[in-house]
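Below is one structure, written out as structure tokens, with a few remarks after it.
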Amino acid sequence: MKLFPKLALTVSSLLIGTTACLSLSFYLAERRAIRAEADQERHVLLQNLVHITQESLLTNDDLLLVKYTRWLRKWTLPS
């Protein structure tokens, strides 16, 4: 009869350990994916800014760059 509590404790410990490991794995994978997506978005925004800046300099249109940076600030900053 003493075997049952030890078995139950062992199985419970294994389940808790497995659940903790899986949860940590999912958390780290999700965090990595979110960071990669944020980096990609930042890269796209920077490339757009470079393009608009080049266009602004070529056309000698400072207002274009000012409007874009204002829009960019509104779009990227939380409300």
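Is the range 40-62 home to any residue that is outside any helix (DSSP H, G or I) and among the acidic types (D, E)? Taking every residue of the range 40-62 in turn, at least one turns out to be outside any helix (DSSP H, G or I) and among the acidic types (D, E).
Among the conditions (1) more than 33 Å from the chain's Cα centre (by Cα); (2) open to solvent by 70 Å² or more (accessible area, probe 1.4 Å); (3) at pLDDT 90 or above, the only one that M1 does not satisfy is (3). The residue of the range 67-79 that is modelled with the lowest pLDDT, among those that are assigned to a helix (DSSP H, G or I) and open to solvent by 60 Å² or more (accessible area, probe 1.4 Å), is T76.
The values are calculated or read from the model by the stated rules, or taken from the named source; none is laboratory data. Model, not experiment: these values are computed from the prediction. Quick note on the areas: whole protein, heavy atoms, side chains included, nothing else; ligands and nucleic acids left out. Shrake-Rupley method; radii C 1.70, N 1.55, O 1.52, S 1.80 Å.
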